[in-house]
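The values are calculated or read from the model by the stated rules, or taken from the named source; none is laboratory data. A quick note: this is a predicted structure, and the numbers were derived from the prediction, not measured. With ideal geometry, Cβ positions are generated from the backbone for all residues, glycine too; neighbour counts draw on all protein chains shown.
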Amino acid sequence: MTQPLSVVIAMATLSVIVILMTVERILRMRALARESERNLRRRQHHVTLQEELKSLKTELARKRDIADQLPSIAKNLTEALSETAIPAIAVRASKELFHASRVGFFIPLSDSPEYTLKVGVGFPAEWQGKIRIPPDEGMLGIALQKRAVISRMEPYSSSGLRTSGNSLESLGISPDFAAPVFGTADLAGVMIIAGCPFPLEEERKFVSMLVDLISVALQKAHLLDINHSSGWKDDLTGVSNRLYFLQRFEGEIRRTGNYQQPFALFMFDVDRFKTVNDSYGHAAGDIVIKKIAEIAMLNTRSSDLVGRYGGDEFLVLITSSTQEQAFQYCENLRKKIAGMEIRIPGLANPIRLTISGGMAVFPTHGCSTSDLIRAADHALYEAKRRGRNTTVVARAEEKTGGFPQEDAVEDGITPELFPETLKP
């Protein structure tokens, strides 16, 4: 028996209503799920932002701490100090700056290549002057080998450990940093910092800055000592003598190596200087040398260094300068000397002289004192070959010791830049 049409329609309508309500419910649940997911993402994003804000506040607080402390540390280290006072100041400054639990200044022993604790905080009292650490063990050894600041985060920081060796690590000390400190001649010691609560990758640059300040303080203290006896000066000219210049030169290579800043070495001598001695006597030659040194000093920045290498040959250390800036200095000095008149007692008329020079740039033409001096010397030879009264920049090939003989354009400097020599 068939149902009435009205019943069928009612049932169909009811089914449609049920389906629509089910679809609506599903859509509403999906919308709620999406909204819930969006809310969850918002909460997670909010948490992330809070964490980033907290991290940023911590970072800013740390930078504020560094900014507050470094000027005071720099002031303390730039005062007139004795070399013996600096290690204790360095240890105290390192502990305060890095909030470290252990800081030690280790120095080489006079009777062996091993290192001992000079001054320390957080180390056993009996270590001072008695502990012996080989220079090839642990992080201390790696820092000495690489002559650079080493962090525990470096992948090779544990490569220097040997089970049979007497290292800091084997004695229960786990350094966060091992940082070489340089004096005027060579390594003066190693700063060991442990228990630093801050991210080491961020602190490394501050450790480098601090040990640079300590190195400069030691060099200044040494200079004050030898200044007192004038042991650093050339007797005739008053500029740096050869020994002190080379010590300072080596220190500049180490310092700029940390920051990869270029600097230049300018080597020059007086053109036809032998003629002056032969024609007017050695007393006249001394007057010429002193006058050349005086002009070089007057036209050189206080941050640079003029030294007498020997005879009529001079060296100038041009710090924190690009090749173009250094070349401009060399040309300015060359022109100043070419334009000056030198009066010799007994001569009616003054004489005029010129110089020839060779310039080498770190690290383009070498990364050691010997390489850079060799490159500058070869460039000076080329300046003489070109006719004197010339500045020549070494070629990159000078790093290998080769000396190019051709007259090709080099480093943007053409022969047309060099006028004829002014003859005395």
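Things to note:
- Glu96 without any contact (Cβ under 8 Å) to a residue 40 or more places away in the chain and either loosely packed, with under 12 Cβ neighbours inside 10 Å or within 22 Å of the chain's Cα centre (by Cα) (or both): no
- Selection within the range 309-351 - farther than 18 Å from Lys274 by Cα and among the aliphatic types (A, V, I, L, M): Leu315, Val316, Leu317, Ile318, Ala326, Leu333, Met340, Ala348
- For the criterion of being surrounded by 14 or more Cβ atoms within 10 Å (Cβ to Cβ), out of contact with any Phe, Trp or Tyr (no Cβ under 9 Å at 6 or more places or on another chain) and outside the structural domain of Gln145 (by TED's automatic domain parsing), Ala33 fails.
- Condition broken by Gln328, with the remaining ones in (1) free of Cβ contacts under 8 Å to residues at least 12 places away in the same chain; (2) farther than 22 Å from Pro363 by Cβ; (3) not in a loop (DSSP other than H, G, I, E, B); (4) not charged (D, E, K, R) satisfied: (2)
- Any hit, the range 45-63, residues being buried (at least 16 other Cβ atoms within 10 Å of the Cβ), over 23 Å from Leu218 (Cα atoms) and outside the structural domain of Met191 (by TED's automatic domain parsing): yes
- Comparison of Leu60, Leu53, Leu20 shows that the only residue that is modelled with pLDDT under 85 and of a type outside the set (Gly, Ala, Ser) is Leu53.
- The single residue among Ser157, Ser208, Ser164, Ser174 that is modelled with pLDDT of 90 or more and part of a loop (DSSP other than H, G, I, E, B) turns out to be Ser174.
- Selection from the range 334-355 of residues that are in contact (Cβ under 8 Å) with a residue 60 or more places away in the chain and either closer than 25 Å to Pro262 by Cα or part of a helix (DSSP H, G or I) (or both): Arg334, Ala338, Ile355
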